[in-house]
Amino acid sequence: MTSETQRVANSGDLGRAGQAFDLALGVAATIPILVCAVLARLVPADLEMLVRTSAVIWASSLLAFFAGVRRGLIFSEAGGGGWRERITMLAIFALGIAAMLFCSLILAAVGLACVGGLDALSARRGEAPRYFSMFRPLQMAVCAAALVLVAVSRR
């Protein structure tokens, strides 16, 4: 078996090799939403909708990404995962789609907050890297709070 096809045998090893890089990517993923929260207060009124739409698109893209990661995990499980994993993946994806269709900052914020809680639970069960139990809730809370700030920034 080549190193490309080897699987993690011990869930305690999840995320160890690239933890610093993964944390940097996780922080980087929050930056566009934080920028939108700042811009929502600074841009002229005629550009506010562009900022709001950009925030929704970025947050919805994150939700679709997180749903895809969960789907990939289901593929790696014997038997394709259980119904809870499938429903969770579909719910995260549906929140992302609904947020984008309705241009809803609040739906996007709720979806990201859910991801924070779900990933923390997964980390505690050994289904995700251990550092997710503290990092993901903080990361998603910051994103959700920034989206709420964008939502309430109407002049």
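Taking amide H atoms as placed 1.01 Å from N in the peptide plane, the amide H of A128 lies under 5 Å from those of A123, each 5 or more residues away in sequence or on another chain. Protection proxy ranking, highest mean first, for peptides 40-46, 26-32: 26-32, 40-46, where packing is the per-residue count of other beta-carbon atoms within 10 Å, averaged.
Rg and Dmax, both from the Cα atoms of segment 17-155 and both in Å, are 15.6, 53. On full extension, the segment bounded by L42 and I87 gains 12.2 nm, given 0.36 nm per residue less the C-alpha separation. Hull volume per residue, based on the alpha-carbon atoms of segment 103-155 and their convex hull, is 51 Å³. Phi angles across segment 35-49 convert, under the Karplus curve 6.51 cos²θ - 1.76 cosθ + 1.60 with θ = phi - 60°, into 3J(HN,Hα) values of 4, 4, 5, 6, 4, 4, 8, 9, 6, x, 4, 6, 9, 4, 5 Hz, Gly and Pro given as x.
We did not get these values from a lab; they are worked out from the coordinates using the rules stated. Quick caveat: nothing in here was measured; it's all calculated off a predicted structure. Neighbour counts are summed over all protein chains in view; Cβ atoms, including those assigned to glycine, are modelled from backbone coordinates with ideal geometry.
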